[in-house]
Amino acid sequence: MDTVIYENDLIKIEIEPFEIPWLKIFTQKKIKEFSQCDTETKIAVWKALDIIEKEMLSYFKPAKINIASFGNYVPHVHFHIQARFENDSFFPEPTWGTKKRDASLNLPSIETFYEKCKLMLNKL
């Protein structure tokens with residue numbers, strides 16, 4: 001499967017393969033900080049983030065949505081959006097933290113979720 005589920009001139013959205021639903025939004029231009037983005041790019045990022053978060057909440061019914069922007073290893077504006085569950089391997093720690101348990105997740109089809117996201121994102 002292609003890891004890019006959506007792309008336009010301003011942003012692209014990639015899948016991060018993991019035990020939980022996890023998508024990443026990147027700016028197309030190699031911009032180091034979000035504050036350096038033009039207004040049109042900022043709006044595209046926020047609209048995509050809003051769509052993804054709402055779809056994750058509606059479809060997976062997670063305990064929490066985590067949104068992060070680091071970029072220490074990849075100095076390129078990007079946001080991680082993760083659906084978190086009380087029985088995922090790391091909860092309540094971040095997924096970069098200490099593993100707490102072996103996950104026992106029984107989630108609906110991730111492929112269906114990607115398709116739902118694509119439909120919504122194509123309306124941008």
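Relative to the dominant Cα principal axis of the chain, helix 110-121 is inclined by about 30°. In percent, rounded to a whole number, the relative contact order of region 4-121 is 25, using alpha-carbon pairs under 8 Å and six or more apart. Amide H contacts of residue 6: 13, each under 5 Å away and 5 or more positions distant or on a separate chain (H built 1.01 Å from N in the peptide plane; Pro and chain starts excluded).
Once both axes come from the Cα atoms, what is the angle between helix 39-60 and the longest principal axis of the chain, in degrees from 0 to 90, rounded to 10? It is inclined by approximately 20 degrees. When 88, 50 are sorted by how many other C-beta atoms sit within 10 angstrom of their C-beta, beginning with the fewest, the order is 50, 88. For the listed residue pairs 30/116; 42/99; 54/99; 47/99; 99/123, the alpha carbons are over 30 angstrom apart in 42/99; 47/99; 99/123. If you take all other residues with their beta carbon under 15 Å from the beta carbon of residue 54, and give Lys and Arg +1 and Asp and Glu -1, the sum is +3. Within the same chain, aspartates and glutamates fewer than 8 places from residue 118 are excluded, and of the rest, those with a Cα less than 12 Å from its Cα are 7, 14, 55. For region 21-64, the Kirkwood estimate of the hydrodynamic radius, built from every pair of different alpha carbons, is 11.8 Å. Each listed q (0.18 Å⁻¹) maps to a log10 I(q)/I(0) for region 4-121, found by the Debye formula over equal Cα scatterers with no solvent: -0.93.
No lab work stands behind these numbers, since they all come straight from the coordinates. No experiment lies behind these values; they were computed from the predicted model shown. Every residue, glycine among them, receives a Cβ derived from its backbone with ideal geometry; neighbour counts consider all protein chains shown.
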